[in-house]
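Asks: Structure below; questions to follow.
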Amino acid sequence: MKRFLFVGGVLLILFVYFGLNYSGFCFAEKRYLSDEEKIRAVFDYQNSRDTLPLNNAPDPKHIKYKSFDEYIALYPECCSVNPGGGYEVPPTEFLDRILGYDSGDVVVINFKVRYLDENGSLKTGEKRFDNYLQNCGKPQ
């Protein structure tokens, strides 16, 4: 009987742990991240890159935004979490979900890339980024 209770208790703890991971719970912060936090994490990741892929730009080096707040003030409809309609990333793997490596959410940002053309004039182009996040907000 004691063995049964011990095995049952261990299985219950594992089931709760894996279930919370699957649902996107961040154990490090003991909470779920808000959609704004998820979008901010992906924006910061993309904005911190030195170059962004853009078809029409002669020099893919972009002019970075000062902050997420600056960007969202300029483009309030830029970003969403799980908007549907298909994504440019492969489906999530079950093991990644239960281990917390993938929250199952897809953050989509229609990123306005700023760059200088060959004459030194400021230009913008748009690049759609679809990113998965780990449960605590690290973009994949």
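The values are calculated or read from the model by the stated rules, or taken from the named source; none is laboratory data. This structure is a prediction, so every number in the text was calculated from the model and none was measured. Heads up, the Cβs are rebuilt from the backbone with ideal geometry, glycines too, and the neighbour counts pull from every protein chain shown. Keep in mind that these areas ignore ligands, DNA and RNA; they rest on the heavy atoms of the full protein, side chains included. Shrake-Rupley method; radii C 1.70, N 1.55, O 1.52, S 1.80 Å.
Asks: Relative to the longest principal axis of the chain, what angle (0 to 90°, nearest 10) does the C-alpha long axis of helix 2-23 take?
Replies: 10 degrees
Asks: Another one. In terms of Cα to Cα distance under 19 Å, which aspartates and glutamates are near enough to LYS112, apart from those fewer than 8 places away along the same chain?
Replies: The qualifying aspartates and glutamates are GLU36, ASP44, ASP50, ASP59, ASP69, GLU70, GLU77, GLU88, GLU126, ASP130.
Asks: Please give the helix 35-48 orientation as an angle from the longest Cα principal axis of the chain, in degrees from 0 to 90, rounded to the nearest 10.
Replies: Its long axis makes an angle of about 50 degrees.
Asks: Here is a follow-up. If R0 is 35 Å, what FRET efficiency do you get for TYR75 and SER23 from their C-beta distance, rounded to 0.05? Write out the running numbers ahead of the final one.
Replies: Numbers: r = 30 Å, r/R0 = 0.86.
For R0 = 35 Å, the calculated efficiency reads 0.70.
Asks: Right, another one. Expected output is a single nm value to one decimal: the length gained when fully extending between ARG114 and PHE94, i.e. 0.36 nm times separation in residues minus the C-alpha distance. What is it?
Replies: Gain on stretching ARG114 to PHE94: 3.5 nm.
Asks: Along each of the three principal axes of the Cα atoms of the chain, give the extent in whole Å, ordering the values from largest to smallest.
Replies: 80, 27, 25
Asks: Something else: Keeping the other protein chains in place, figure out the carbon and sulfur percent of the accessible area of the chain, with a 1.4 Å probe.
Replies: Carbon and sulfur together cover 57 percent of it.
Asks: A follow-up question, please. Stretched out fully, how many nm does the piece from LEU12 to LYS138 gain, at 0.36 nm a residue minus the Cα gap?
Replies: Value of the extension gain: 42.6 nm.
Asks: Can you give the net charge of the other residues whose Cβ lies under 13 Å from the Cβ of VAL107, counting K and R as +1 and D and E as -1? Don't jump to the answer; show the numbers that get you there.
Replies: Working: positive: LYS38, ARG40, ARG128, LYS138; negative: ASP35, GLU36, GLU37, ASP44, GLU88, ASP102, ASP105, ASP130.
So the surrounding residues net to -4.
Asks: Beta carbons within 10 angstrom, averaged per residue: use that to sort the peptides 97-108, 80-91, highest first. Working shown, then result.
Replies: Values: 97-108: 20.0, 80-91: 10.8.
Highest to lowest by the protection proxy: 97-108, 80-91.
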